[in-house]
Amino acid sequence: MPRLRKCAFAIAALTLLAASVSHARPFTPSMTCGEAANTVSVNGAIVMDTGPHTYDRFVVSRAYCTPHERTKAAFAYTLNNPACQVGYTCEHLEGRSKH
């Protein structure tokens, strides 16, 4: 019976590991500039990790922002470019209420 428990524990651990990996965000430092920009382009809007403890939401156009936001060019560190324009971020319009 102890062997069966070990096997069940191993299966549960692998299942949890697979679930956590499947939810990982794209990591721009491990991508080329073209790959990062293409990821934004293909998805329209996506949250990507830009460093070990940083992330940002990138969009391809203002269509992915709220009516009270505008786009601003967004840059991320990538394998081949420390300031790659991967797309845009949405920023709040000055003088407008958020709600």
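Only the coordinates and a few stated rules stand behind these numbers; no lab work does. Computed from a predicted model, the values in this text were never measured in an experiment. Every residue, glycine among them, receives a Cβ derived from its backbone with ideal geometry; neighbour counts consider all protein chains shown.
Between HIS53 and SER41, the simple label model (points 7 Å from Cα in the Cβ direction) yields a spacing of 3.4 nm. Considering only VAL40, ALA63, ALA74, the residue lying farthest towards the positive end of the dipole of the range 25-99 is ALA63, judged by Cα position with unit charges set on Cβ.
In terms of other Cβ atoms within 10 Å, VAL59, VAL47 run from fewest to most in the order VAL47, VAL59. Phi angles across the range 52-62 convert, under the Karplus curve 6.51 cos²θ - 1.76 cosθ + 1.60 with θ = phi - 60°, into 3J(HN,Hα) values of x, 10, 10, 8, 8, 9, 10, 10, 8, 7, 5 Hz, Gly and Pro given as x. For the pair ARG25 and ALA83, the difference between a 0.36 nm per residue extended length and the Cα-Cα distance amounts to 18.9 nm.
Here each label is just a point 7 Å from Cα along the line to Cβ, and for GLU94 and HIS68 those points are 1.7 nm apart.
Take PHE27, PHE75 and order them by how many other Cβ atoms sit within 10 Å, fewest up front. Before the final figure, lay out the partial values.
On the way: PHE27 15, PHE75 18.
Starting with the residue having the fewest Cβ neighbours, the order is PHE27, PHE75.
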